[in-house]
Amino acid sequence: DEVVAVTRAGTDVTLHPLHRERAPVVQPDAAALTPQVEHRGLLSPGVLASFASTLARRPAAVVGTAATILRECWGSRRLLLGGLVALPFAVDLARRVEHDGIDHVHCHFATHPALVGWVVHRLTGTPYSFTAHGSDLHRDRRMLATKVRDAAFVVTVSEFNRRVILETCGSGVGTP
């Protein structure tokens, strides 16, 4: 619904899902967005080639980003492994964002999608934001404070989740 509302407001949107979902039933408004979806496998040959090229051109930025992910996600196998697997995709997306002149990246979920937005922001300076839903906040909050601190804004689906974010990240993270 958020993407549909943004497109109806006149914003050009391109969707970059981390994985391809094949739902048996798709809402008509969601189906209409299909032409705006760019599917690439997380570790597809094109993504890996783009990652290797960026690593060769900007090793300190890529290695420093990977080190932050390692340091902040350590202790959570799910977030750490998922973050490292998503890193090449995020680096490739950063290249695409720069090439296409995209001026904002919005991510759904505070975990791996927001990590991708954070990597894009770190490598390009492009502002990013994310929507936190529920399970993404209540299972594991590693790296949440960094993602919230660096985001242009964060949206959540409930007052309870807003309080969780403020308690986890500190009340100084911005205007609620």
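If you go through the range 108-136 and keep only what is in a helix (DSSP H, G or I), surrounded by fewer than 24 Cβ atoms within 10 Å (Cβ to Cβ) and without any contact (Cβ under 8 Å) to a residue 40 or more places away in the chain, you end up with H121, T124, S135, D136. Taking the range 19-77 as the range and being basic (K, R), in contact with a helix residue (DSSP H, G or I) (Cβ under 6 Å, 6 or more places away or on another chain) and farther than 30 Å from H138 by Cα as the test, no residue passes.
Among the conditions (1) at pLDDT below 90; (2) more than 19 Å from the chain's Cα centre (by Cα); (3) hydrophobic (A, V, I, L, M, F, W, C), A52 misses just one, which is (1). Against the list (1) at pLDDT below 95; (2) farther than 14 Å from P17 by Cα, the condition H108 fails is (2).
For the range 145-160, filtering for residues that are loosely packed, with under 15 Cβ neighbours inside 10 Å and in a loop (DSSP other than H, G, I, E, B) leaves 2.
Residue-level analysis places R142 among those that are part of a loop (DSSP other than H, G, I, E, B), open to solvent by 30 Å² or more (accessible area, probe 1.4 Å) and under 22 Å from R71 (Cα atoms). Are there any pairs with C-beta distances below 9 angstrom linking a residue in the range 149-174 that is at pLDDT 90 or above to a residue that is basic (K, R) and surrounded by 15 or more Cβ atoms within 10 Å (Cβ to Cβ), with the two at least 6 apart or on different chains, and if so which? From the range 149-174, the pairs are D150/R122; V154/K147; V154/R162; T156/R162; V164/R141; I165/R141. Looking at the range 7-97, the helices (runs of 4 or more DSSP H) lying wholly inside it that each contain 1 or more residues that are open to solvent by less than 20 Å² (accessible area, probe 1.4 Å) and not hydroxyl-bearing (S, T, Y) sit at 45-57, 59-73.
Total residues in the range 1-46 satisfying the condition of being in contact with a Leu (Cβ under 9 Å, 6 or more places away or on another chain) and among the aliphatic types (A, V, I, L, M): the figure is 8. Residues of the range 67-81 that are among the small types (G, A, S) and modelled with pLDDT of 95 or more: A67 alone.
The values are calculated or read from the model by the stated rules, or taken from the named source; none is laboratory data. The structure presented is a predicted model; accordingly, all values stated were derived computationally and were not measured. Positions of Cβ are backbone-derived with ideal geometry, glycine not excepted, and every protein chain shown enters the neighbour counts. When the accessible area is computed, the model is the full protein with side chains, heavy atoms only, and any ligands, DNA or RNA have been set aside. Shrake-Rupley method; radii C 1.70, N 1.55, O 1.52, S 1.80 Å.
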